[in-house]
1. In nm, give the distance between the simple-model label positions of residue 5 and residue 52, each being 7 Å from the Cα along the Cα-to-Cβ direction.
2. Suppose the chain between residue 44 and residue 32 were pulled fully straight at 0.36 nm per residue; how much longer would it get relative to their current alpha carbon spacing?
3. I'd like the orientation of helix 37-47 relative to the chain: the angle between its Cα long axis and the longest Cα principal axis, in ° from 0 to 90, rounded to 10.
4. Looking only at Cα atoms, what is the convex hull volume of the chain per residue, in Å³?
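Every number here is computed from the coordinates shown, using simple stated rules; none is lab data. Values in this document were obtained by computation on a predicted structure and should not be read as measured data. Neighbour counts are summed over all protein chains in view; Cβ atoms, including those assigned to glycine, are modelled from backbone coordinates with ideal geometry.
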């Protein structure tokens, strides 16, 4: 994932939140759900466009 931009106080929170969200989503959609890795890769590419912490 790309580095986040924003206020210093929001950066750690943003990175931690993004990691937790993406990990939970991968577990729910791919590991426990019906998505394959190609579906996940498409979603991950869209998530990479979010670079603002805040």
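1. 1.0 nm
2. Numbers: separation 12, 0.36 × 12 = 4.32 nm, distance 1.72 nm.
Additional length available on full extension: 2.6 nm.
3. Computed tilt is about 20 degrees.
4. Details: hull volume 3.3 nm³, N = 54.
Normalising the Cα hull of the chain by residue number yields 61 Å³.
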